[in-house]
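All remarks here apply to the structure that follows.
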Amino acid sequence: QGLGMPHLGVPRTQHGEMAVSITKWVDRWTPSPILALARARPEVLTYVAQQEAIQQNLTIGLTVFAVGRYLEKYLARFLETAEQHFMVGQRVVYYVFTERPAAVPRLPLGPGRRLRVERVLRERRWQDVSMERMRTLHAALGGRLGREAHFVFCMDVDQYFSGAFGPETLADSVAQLHAWRYHWPRRLLPYESDPRSAAALAPGEGDFYYHAALFGGSVAALRRLTAHCARGQQQDRARGLEARWHDESHLNKYFWLHKPAKVLSPEFCWCPEIGRRAEIRRPRLLWAPKEYTLVRD
Ligand code: UDP
Ligand code: MN
């Protein structure tokens, strides 16, 4: 337990580790000179993670859905900033899911990076677009995406990269602390509480509240995660229920039952409207302004 949180006053999870520029290499050795180095020069450890990913010849997938007006509103900036900051120097394959493949912007991509477009049906309700992602991802992970990538991140499109987001974030399963909720007491966290829902947590259950705008992991782990969430959503629908925060409620249930191997600090998916916080030094991904009246029907 010697490894404290350099940037964030949140304890480590029982099974997981916090990634705040600090990587599993620190966790494995944990000699104090390394720890001191991690605090003083986090970029050194980021470099170690980069070299290890290159040596392992990893391919990292990044999935994003851009359905309806979310495509014009957010996709270009998401991809352009990913080119600048996401897994730079690694092999990357973007998977864009949309009902209008022809409208996907054709960006020049860096070496070793490619973009694939997959057609999906447009659900009528935005909640269904959001929730259907679990089933679509499950299928994609069982197909070409699962064959060509070792690790995959699944992200919302209404955000953009603002700092280096590299292989120090990789682990078998990766969860994102919710920027608005990471310092809330547990009893206030907005888990699903209706016991009839597959996403329900009983009073006293739950530890962190994770943001569904970003999760990731190995292909095998994500197959299990997406299967669980899609099944839970299907079960709720059959009972005429919908969890409070849709796919996010099911994701939180999954990570309560199966602890993530790595928990990312809110720096990795930060909301600029929160304003300055001492522990948030280097945001890597920022929420775009929510313009629901423009993008939701
Ligand atoms: N989404 C989409 N079209 C829609 C609704 C949702 O493409 O009509 C995708 C998009 O990637 C979006 C994600 O689903 O970022 C989650 O929806 P949203 O960001 O609106 O949810 P919130 O972040 O507000 O919970
Ligand atoms: Mn979003």
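The values are calculated or read from the model by the stated rules, or taken from the named source; none is laboratory data. What you are looking at is a predicted structure, and each value in this text was computed from that prediction instead of being measured. For neighbour counting, all protein chains shown are included, and Cβ atoms are generated from backbone atoms with ideal geometry for every residue, glycine included. Ligands, DNA and RNA are stripped out before the accessible areas are found, and what is left, the full protein with its side chains, is counted by its heavy atoms. Shrake-Rupley method; radii C 1.70, N 1.55, O 1.52, S 1.80 Å.
Structural remarks
- Per-region count, the stretch 98-152, residues touching a residue at least 40 places away in the same chain (Cβ under 8 Å) and of a type in the set (A, V, I, L, M, F, W, C): 12
- Residue match in the stretch 233-240 (condition: surrounded by 18 or more Cβ atoms within 10 Å (Cβ to Cβ) and under 18 Å from A200 (Cβ atoms)): yes
- Residue in the stretch 282-296 that is modelled with pLDDT of 95 or more, under 28 Å from P167 (Cα atoms) and open to solvent by 90 Å² or more (accessible area, probe 1.4 Å) present: no
- Considering residues of the stretch 53-79 that are within 16 Å of ligand 1 (Cβ to nearest atom) and hydroxyl-bearing (S, T, Y) only, the residue surrounded by the most Cβ atoms within 10 Å (Cβ to Cβ): T63
- Counted residues, the stretch 256-281 - those being touching a residue at least 24 places away in the same chain (Cβ under 8 Å) and under 24 Å from F86 (Cα atoms): 16
- Among the residues listed as P195, P190, the single one being more than 16 Å from ligand 2 (Cβ to nearest atom) and assigned to a loop (DSSP other than H, G, I, E, B): P195
- Residues satisfying the stated conditions in the stretch 135-163, i.e. aromatic (F, W, Y) and either modelled with pLDDT under 95 or out of contact with any Lys or Arg (no Cβ under 6 Å at 6 or more places or on another chain) (or both): F151, F153, F161
- All positions within the stretch 109-127 that are open to solvent by 30 Å² or more (accessible area, probe 1.4 Å) and β-branched (V, I, T): V117
Yes/no per residue for (1) at pLDDT below 95; (2) over 12 Å from F153 (Cβ atoms); (3) surrounded by 16 or more Cβ atoms within 10 Å (Cβ to Cβ):
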| residue | (1), (2), (3) |
| --- | --- |
| F165 | no, no, yes |
| H183 | yes, yes, no |
| S218 | no, no, yes |
| R231 | no, yes, no |
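- Flag for R106 being over 25 Å from D247 (Cα atoms), open to solvent by 10 Å² or more (accessible area, probe 1.4 Å) and assigned to a strand (DSSP E or B): no
- The residues of the stretch 268-281 that are modelled with pLDDT under 95 and either open to solvent by less than 10 Å² (accessible area, probe 1.4 Å) or aliphatic (A, V, I, L, M) (or both), listed by number, are A278, I280.
- Any hit, the stretch 125-140, residues being away from ligand 1 (no atom under 16 Å from the Cβ), of a type in the set (A, V, I, L, M, F, W, C) and under 18 Å from L214 (Cβ atoms): no
- Of everything listed in (1) small (G, A, S); (2) within 12 Å of ligand 1 (Cβ to nearest atom); (3) open to solvent by less than 20 Å² (accessible area, probe 1.4 Å), the single unmet condition for A200 is (2).
- Taking the conditions (1) farther than 21 Å from R114 by Cβ; (2) surrounded by fewer than 20 Cβ atoms within 10 Å (Cβ to Cβ) in turn, Y160 satisfies each one other than (1).
- Long-range neighbours under 8 Å by Cβ, at least six apart or interchain, first residue without any contact (Cβ under 8 Å) to a residue 24 or more places away in the chain within the stretch 39-58, second polar (S, T, N, Q) and surrounded by 13 or more Cβ atoms within 10 Å (Cβ to Cβ): E43/S21
- Residue within the stretch 80-99 that is over 25 Å from A221 (Cα atoms), within 16 Å of ligand 2 (Cβ to nearest atom), outside any loop (DSSP other than H, G, I, E, B) and open to solvent by less than 40 Å² (accessible area, probe 1.4 Å) present: yes
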